[in-house]
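Below is one structure, written out as structure tokens, with a few remarks after it.
The values are calculated or read from the model by the stated rules, or taken from the named source; none is laboratory data. What you see is a predicted model, and the numbers here were worked out from it, not measured in a lab. Heads up, the Cβs are rebuilt from the backbone with ideal geometry, glycines too, and the neighbour counts pull from every protein chain shown. Areas reflect the complete protein model, heavy atoms only, side chains present, ligands, DNA and RNA absent. Shrake-Rupley method; radii C 1.70, N 1.55, O 1.52, S 1.80 Å.
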Amino acid sequence: MISGTRQRFQPVDIMRGLAIILMVAYHFSFDLNYFGLASFDFYEDRFWLNARTVILSMFLLLVGVSLVIATRDGVNWPAFTKRLAMLVLCAALISGASYIMFAERMIFFGALHFIAVASVLGLLFIRLCWLNAIFGVSAVLPGVFYSNARFDQPLLQWVGLMTFKPTTEDYVPLLPWFGVVLFGLFIGKLLLTSQLLSSVSGWQGRGFLSRSLALAGRHSLLVYMLHQPLLLGLLWLVTR
């Protein structure tokens, strides 16, 4: 959550934690394939393509929901700026590490790059409600069904709308994915205005699973940054 508030909403953290677990499982499968311990086609197999879409959609919906919750009493600019700086730094680290590992398939605009940009753009839409659902559709449809060769040039590839998929290990362009964030803003605003969020704000899951998922959700950026080095290191040791 890009947050300036200390109050946590455990259901949101649990959903983010679930997305984190699914992401780790996806990346572990990718790593098994990378080390030759399994054979999966992450670039053509519909199962893996759909799995990535579902996991990424969960994350980005929650980006929108969390942005609404965090700014419901106004933007805490010091906290927001600090979080944004962390995202930018982590995105740069991922680009550097992916260049070392994959060279020409380096990640130049992946999930964290996108979230950093979407967090800033999302502030422009934060006070809207029903319009964000309309804007969300307006962002998703061209991102999925429209392409233009003008966006094939390197400086515009982060926007999307390309006529081909760029050579990179993780690509999350502004279109259509900002539309998913806008849907998240719409859902977050709906939760606030319907008082549903207030009614569950005091709920705290006491079970081990609930607490574990909530913990992962609260520290999602840390888990995101650490899980791949740990998994790759473990598999490197196993293969040696």
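Scanning the chain for long hydrophobic helices, with DSSP H runs required to stretch 24 angstrom or more by C-alpha along their axis and to average at least -0.5 on the Kyte-Doolittle scale, returns 10-34, 46-70, 77-102, 174-193, 220-239. A DSSP coil position with no more than 16 other Cβ atoms inside 10 Å describes the following trypsin sites (Lys or Arg not before Pro) in the range 1-92: ARG6, ARG8. Placing +1 on the Cβ of every Lys and Arg and -1 on the Cβ of every Asp and Glu, with nothing else charged, gives the range 11-129 a dipole about its Cα centre of roughly 440 debye. For TRP77, the solvent-accessible surface with a 1.4 Å probe is about 140 Å², rounded to the nearest 10. Is the C-alpha gyration tensor of the range 114-240 telling us rounded, prolate or oblate? Criteria: a/c under 1.5 is rounded; beyond that, a/b larger than b/c is prolate, otherwise oblate. Here the range 114-240 falls in the oblate category.
Oblate is the label for the range 65-159. Its Cα gyration tensor axes, ordered a ≥ b ≥ c, give a/c of at least 1.5 and b/c at or above a/b. If only the Cβ of Lys and Arg carry +1 and only the Cβ of Asp and Glu carry -1, the dipole of the range 37-105 around its Cα centre is close to 300 debye. Helical runs (DSSP H, four residues minimum) scored at -39500 (n - 2.57) apiece and divided by the length of the chain put the mean residue ellipticity at 222 nm at -22500 deg cm²/dmol.
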